[in-house]
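The values are calculated or read from the model by the stated rules, or taken from the named source; none is laboratory data. In this text the structure is predicted, and so the values were computed from the model without any measurement. Please note: Cβ atoms are built from the backbone with ideal geometry, for glycine as well, and neighbour counts cover all protein chains shown.
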Amino acid sequence: MRVQGKEFSLSHVESNAPGEHVEVWVASDGQVIKIGCEERVTPEVLDYRELRRRAYPPIGDQLDAIWKALGYLQMKKKLNLVAEADDILGAILNVKKRYPKDPVIVLED
């Protein structure tokens, strides 16, 4: 939904009272609008934690970067990982070896 040129996505629906529902719409900058049965709009701003959560890269990308850095430091002999972390790094490297980034092209007859 667009409001005054800003794009909002439906976050969830709240039930305030029997038969009364409010849609909660959120913009990428954290602005929230609530639309109830009477179509009243109440602007609200999310706190910094929610804004940061939405702005951070996906957790998978964060973890990948951390494990790459740990692997690099270990390879350069600048870091000794504890056994558990070394086991996880080994498992991650094995998965990357088993499923490389280079796409596999399947030709059909």
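Of all residues in the range 13-47 being out of contact with any helix residue (DSSP H, G or I) (no Cβ under 9 Å at 6 or more places or on another chain) and at positive phi, which is modelled with the highest pLDDT?
G19
Of all residues in the range 78-87, which are loosely packed, with under 13 Cβ neighbours inside 10 Å and aliphatic (A, V, I, L, M)?
Selection gives V82, A83.
What pairs come up if the first residue lies in the range 91-109 and is modelled with pLDDT under 90, the second is hydrophobic (A, V, I, L, M, F, W, C) and loosely packed, with under 10 Cβ neighbours inside 10 Å, and their beta carbons are under 7 Å apart, counting only those six or more places apart or on different chains?
No pair meets every condition.
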